[in-house]
């Protein structure tokens with residue numbers, strides 16, 4: 001794999017939004033680019049909120065991973081959440097997704113993160129198997145959600 005993985009910077013926001021828009025379209029959802037721009041800009045300006053990593057081949061984006069952080073009483077420290085992982089179709093099954101997860105996990109270890117979580121659909125066995133291969137295990141917990149306001153970035157329940 002000749003793909004470079006690096007921490008995303010503010011100048012990557014447009015490419016990150018393009019990829020997020022493709023991911024949303026693939027899942028049948030619209031993306032408000034303005035709100036996505038504000039969210040990525042907020043995240044990339046304050047590393048205490050999280051980090052994004054971008055995969056590039058010959059300076060062309062191939063994918064990204066977005067990790068957010070929160071204080072957790074359960075784990076006794078900072079928990080990381082893989083909020084989003086996307087790889088363009090022509091770059092899939094070439095190690096790009098695994099390299100992005102590895103970069104994010106290594107960063108979490110360096111930062112002293114206590115636990116890393118990801119949410120997947122219960123019936124998405126391929127995604128669950130991918131994340132299991134990356135070291136994330138099913139703890140048989142259920143996430144309950146309440147949408148507190150309308151937000152074009154949020155997927156409907």
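The values are calculated or read from the model by the stated rules, or taken from the named source; none is laboratory data. The structure displayed is predicted, hence computed values, not measured ones. No Cβ is skipped: glycine too gets one built from the backbone with ideal geometry, and neighbour counts run over all protein chains shown.
Listing for the model above:
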| quantity | calculated |
| --- | --- |
| Sole exception among (1) outside any loop (DSSP other than H, G, I, E, B); (2) in contact with a strand residue (DSSP E or B) (Cβ under 8 Å, 6 or more places away or on another chain) for residue 42, by number | (2) |
| Flag if residue 17 is in a helix (DSSP H, G or I), in contact with a helix residue (DSSP H, G or I) (Cβ under 8 Å, 6 or more places away or on another chain) and surrounded by 13 or more Cβ atoms within 10 Å (Cβ to Cβ) | yes |
| Only one of 11, 34, 7 that is surrounded by fewer than 16 Cβ atoms within 10 Å (Cβ to Cβ) and under 14 Å from the mean Cα position of the chain (by Cα) | 7 |
| Qualifying residue in the range 64-74 (condition: surrounded by 13 or more Cβ atoms within 10 Å (Cβ to Cβ), at pLDDT below 95 and touching a strand residue (DSSP E or B) at 6+ places or on another chain (Cβ under 7 Å)) | yes |
| Candidates 34, 83 - the one that is at pLDDT below 95 and more than 24 Å from residue 120 (Cα to Cα) | 34 |
